[in-house]
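Here is the structure we will look at, set down as structure tokens.
Nothing in this text is a laboratory measurement; each read-out follows from the coordinates by a stated rule. In this text, all values refer to a predicted model and were calculated from it rather than measured experimentally.
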Amino acid sequence: MAIGVLALVALSPERVTALSAAGYAVREGKKYENRIDAVREAGESVRAVLTNGRGGLSGDEMEMLPKLEIVCAVGAGYEAVDLDKARSRGITVANCPDTNASAVADSAMMLLMAATRHLRQADRHVHAGGWQDQWRVDTPTISGKRLGVLGMGTIGGKIAHRAARGFDMEVGYHNRRAVAGSPYRYFDNLVELANWAEFLVCAAPGGAGTRHLVNADVLTALGPKGYLVNVGRGTVVDTAA
């Protein structure tokens with residue numbers, strides 16, 4: 001008998017076909033106008049839920065799935081999954097760390113270059129017919145500059161490697177603790193890292209422990225000419241600051 005799976009994340013037709021071939025009966029929550037309707041209708045037919053860090057699965061939603069055995073967060077984050085409720089029910093919670101670490105590190109460098117070189121503005125300038133005009137915007141290069149990395153996990157390490165080896169950048173980082181064997185300079189204070197760096201990339205996970213780590217003090221230390229790229233959780237940055 002097929003195992004019922006409720007997918008609260010979008011799945012490509014190929015993924016649905018692959019899961020079906022592997023013996024799973026997939027219910028696609030994204031096809032419902034309201035997520036709660038998808039969960040409620042799934043009811044006893046579901047033993048597994050596919051979600052992500054942002055969407056998660058609440059305790060109330062778990063109550064609607066009496067036969068639920070596992071919640072799998074597609075990606076590294078799982079901060080929106082009610083872990084206490086899952087633990088009390090004996091529900092396994094799994095995530096998928098490091099599966100897209102290289103892609104995220106690539107994206108971090110892409111965003112850093114796009115921001116410093118004003119790629120979006122330049123693209124709009126050209127499409128508006130201004131390609132014959134001189135581009136009079138300060139567009140600093142990242143090569144040879146100082147990069148601060150917040151969070152030296154797998155993704156942070158890959159970002160640091162790309163920056164140092166590909167762009168000759170001097171790399172410093174802030175982490176809960178220094179990484180043994182790391183060739184990069186460790187800062188035990190994030191404000192000090194921001195004050196030292198010309199560019200700051202956040203690759204930190206979400207959760208209460210990292211909420212608003214990048215606050216007004218950090219942004220002030222980074223300075224008006226600094227650049228901030230966040231490829232971690234949005235909650236790490238105090239956007240109001």
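Among (1) 156; (2) 139; (3) 180, find the value of volume of the Cα convex hull per residue in Å³ that was calculated from the structure presented, and write down its label. Structure-derived value, by its label: (3).
Between the amide H of residue 27 and those of 5, 6, 7, distances stay under 5 Å, these residues lying 5 or more places away or on another chain, with hydrogens modeled in the peptide plane. What is the helix-to-structure angle for 154-167, meaning the angle in degrees between its Cα long axis and the longest Cα principal axis of the chain, kept from 0 to 90 and rounded to the nearest 10? The angle comes out at about 30 degrees. Compute the separation of the alpha-carbon centres of the range 172-241 and the range 53-111 and state it in Å as a whole number. Cα centroid of the range 172-241 versus Cα centroid of the range 53-111: 24 Å apart. For residue 93, the residues 5 or more places off, or on other chains, whose built amide H falls under 5 Å of its own are 71. Computed 3J(HN,Hα) for the range 111-127, one whole-Hz value per residue from the Karplus formula 6.51 cos²θ - 1.76 cosθ + 1.60 where θ = phi - 60°, is 5, 5, 5, 5, 5, 6, 8, 6, 4, 5, 5, 5, 5, 5, 4, 5, 5, glycine and proline marked x. Bridge orientation summary for the chain: considering DSSP beta bridges with both residues in this region, about 0 percent are antiparallel. Between residue 171 and 147, 185, the built amide H atoms are under 5 Å apart, and every one of these is 5 or more places off in sequence or on another chain.
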